[in-house]
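J.: A single structure is presented below for examination.
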Amino acid sequence: MRLALGNIVQESNSFTPVPGSWLHFPPGHLLRGQDIIAQRQGTRTEVGGVIDVAGEQGIELLPLLSATTSASAGPMLGDVFASLCDELVAGLHTCAPFDGVLLVLHGAMAADGYEDATGEILRAVRAEIGPDCPLVATLDLHANVTATMVAHADALVGYHTAPHIDLYETGVRGANLLVRLIRGEVRPAVALRRLPMIVPAENGRTTDGPYAQVIGRAIALMQRPGVLDISVFSVQPWLDVTDVGCSVIVNTDANAALADELADELADMLWDRRHDFAVTLVPTEATIQRALASAIHPFVLADSADAPSSGAPGDSTIVLAHLIAAHPTRTCLHNIVDPIAVAALFAAGEGAEVTLPIGAGSGVVFYKPLLVTGRVVRLSDGDFTNRGAGFRGVVFRRGRTLVLEIGQIALVVMERAVIQWDPELYRSVGLEPRDAQIVIVKSPAAFRAEYEPLAAEVAILDAPGVCSPNLPGLPFVHVRRPLFPLDDVMAWREIPESVG
């Protein structure tokens, strides 16, 4: 058996001024051919899971393209998206014949001219391989699943965890389902339910709360005879596109009635809990003061509105300004993206005392550069390997990185934004979060898997940004209305587009 493998992952945020570009694919995140196997084998990623399934079952894997951004951004530039999509399709044409195609995608990607860029990839691939070639795609739990995506894939398989710690298992699920489909053991019947709602990621956890209840029920229903796979997608809420919302997908073995029944049950569960996703935010200044006065540590404070994993540029100065104004007497860890400041600080050299403006270079309207004075320490190339369950073994490349000591604040300054799920972001430059009084993490939820076990307290700061959980306060223009929580919607079944 021969399986073609493609991987294009980017999550788009409509409110950030920074478009998705080639700069978001640093070395190690744009791979081709056998380099994909060499770099991803043994990692806790979807591709790592697919590689292991192929090895265990004696399947010949045909790796074509792996393009994964190191952090989310705005909708992808049209030429970048077209180049990646065209390369994937051309690779399929060149490597034929094969028995099936496995695509590792995100599902919440937009691009110039394509509100549903993931749907366009699936459409283009289907056009190349024809209607009868089995095609399965894996998706992030925050995918915006559309009818177009479902129409062009035989099955879509999503994560079951947030924080995302089942990337590898999702790859295994997708690969195993594809193999069964190729062998004629199953014939998927798919039911899609789309809900006119978006939810903040902070409470979209599967460890506790409303979403955990729905996911738990979905996993239980997967044990029913005839059920192949079930996914419940909480959607990336910062997509200002016409067709957006939470969704449920149920795949059964040739039993459309069962798929419809279970999809309706899970959609109702999710809808009935929509008010429970509201996020409790804590005031930034008062929380910093309370943490600094506490006898326990560390306080892990999330500036989720500036999370690179959600599409923010990572250069907010709001929390940093409050932290500096508090004059901490114990170590506090913070980080910021500023390639111009990095260049100046590297030129000054290790040990130099420097005064310069920092942050806010992306043009986000919520904040402005901050003048700081500090001492340059620990120059680094910025590379670090994720140690946590999500993306374990993957090398993230921040570009040149350094620590700027501003009194008791150790500020990690980097050229490029990366996801902040793992304490290695700090440990890789000699900073131990366990020893700090305050640790600032820019992530809405995924950081909890690695940071909660070491934290004395975790809180989400009330700070402005393009990834704010205060969804009604964001400038949505294109979304189809009504949409909860922007509008008071009483019944999802009354919205015709919601059925999918």
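The values are calculated or read from the model by the stated rules, or taken from the named source; none is laboratory data. Source: prediction; values computed, not measured. Here Cβ is always computed from backbone atoms with ideal geometry, including for glycine, and neighbour counts include all displayed protein chains.
J.: If I filter segment 476-491 for residues that are more than 25 Å from the chain's Cα centre (by Cα), β-branched (Val, Ile, Thr), assigned to a loop (DSSP other than H, G, I, E, B) and closer than 28 Å to Leu195 by Cα, do I get at least one hit?
T.: For segment 476-491, residues more than 25 Å from the chain's Cα centre (by Cα), β-branched (Val, Ile, Thr), assigned to a loop (DSSP other than H, G, I, E, B) and closer than 28 Å to Leu195 by Cα: present.
J.: Condition first: crowded, with 24+ Cβ neighbours inside 10 Å, modelled with pLDDT under 95 and touching a His at 6+ places or on another chain (Cβ under 9 Å). Can you find one or more residues in segment 210-232 that meet it?
T.: Checked segment 210-232: no residue is crowded, with 24+ Cβ neighbours inside 10 Å, modelled with pLDDT under 95 and touching a His at 6+ places or on another chain (Cβ under 9 Å).
J.: Checking Val145 against (1) in contact with a Phe, Trp or Tyr (Cβ under 6 Å, 6 or more places away or on another chain); (2) closer than 27 Å to Thr94 by Cβ; (3) hydrophobic (A, V, I, L, M, F, W, C): exactly one of these is not met. Which one?
T.: (2)
Conditions tested, residue by residue: (1) surrounded by fewer than 23 Cβ atoms within 10 Å (Cβ to Cβ); (2) in contact with a strand residue (DSSP E or B) (Cβ under 7 Å, 6 or more places away or on another chain); (3) not in a strand (DSSP E or B).
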site: Gly399; (1), (2), (3): yes, yes, yes
site: Glu405; (1), (2), (3): yes, yes, no
site: Val413; (1), (2), (3): no, yes, no
site: Gly430; (1), (2), (3): yes, yes, yes
site: Ile440; (1), (2), (3): no, yes, no
site: Pro453; (1), (2), (3): yes, no, yes
site: Val458; (1), (2), (3): yes, yes, no
site: Gly465; (1), (2), (3): no, no, yes
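J.: Okay, next question. Would you pick out the residues in segment 265-290 that are surrounded by fewer than 20 Cβ atoms within 10 Å (Cβ to Cβ), of a type in the set (Gly, Ala, Ser) and either in a helix (DSSP H, G or I) or touching a Ser or Thr at 6+ places or on another chain (Cβ under 6 Å) (or both)?
T.: Ala286
J.: Being among the polar types (S, T, N, Q) and in contact with a Gly (Cβ under 6 Å, 6 or more places away or on another chain) is the filter; apply it to segment 72-126 and report the residue that is nearest to Ser14 (Cα to Cα). It would help to see each step written out before you state the result.
T.: Initial filter on segment 72-126 (among the polar types (S, T, N, Q)): 72, 83, 94, 118.
Pick out the ones that are also in contact with a Gly (Cβ under 6 Å, 6 or more places away or on another chain) and you get 72, 118.
Details: Ser72: 11, Thr118: 15 Å.
In this case the residue turns out to be Ser72.
J.: Hey, another quick one. If you scan segment 207-239, which residues turn out to be touching a Leu at 6+ places or on another chain (Cβ under 8 Å), under 27 Å from Ala302 (Cα atoms) and part of a loop (DSSP other than H, G, I, E, B)?
T.: Answer for segment 207-239, where residues must be touching a Leu at 6+ places or on another chain (Cβ under 8 Å), under 27 Å from Ala302 (Cα atoms) and part of a loop (DSSP other than H, G, I, E, B): Ser234, Pro237, Trp238.
J.: Turning to a different aspect of this structure: Name the pairs whose Cβ atoms lie under 6 Å apart, with the first residue in segment 15-36 and on the phi > 0 side of the Ramachandran plot, the second hydrophobic (A, V, I, L, M, F, W, C), and 6 or more positions between them or separate chains?
T.: The qualifying pairs are Gly28/Val395.
J.: Checking the condition in a helix (DSSP H, G or I), modelled with pLDDT of 95 or more, of a type in the set (A, V, I, L, M, F, W, C) and touching a helix residue (DSSP H, G or I) at 6+ places or on another chain (Cβ under 8 Å), which residue from Leu61, Leu122 passes? Spell out how you get there, then give the answer.
T.: On the way: Leu61 fails: in a helix (DSSP H, G or I).
Of Leu61, Leu122, the one residue that is in a helix (DSSP H, G or I), modelled with pLDDT of 95 or more, of a type in the set (A, V, I, L, M, F, W, C) and touching a helix residue (DSSP H, G or I) at 6+ places or on another chain (Cβ under 8 Å) is Leu122.
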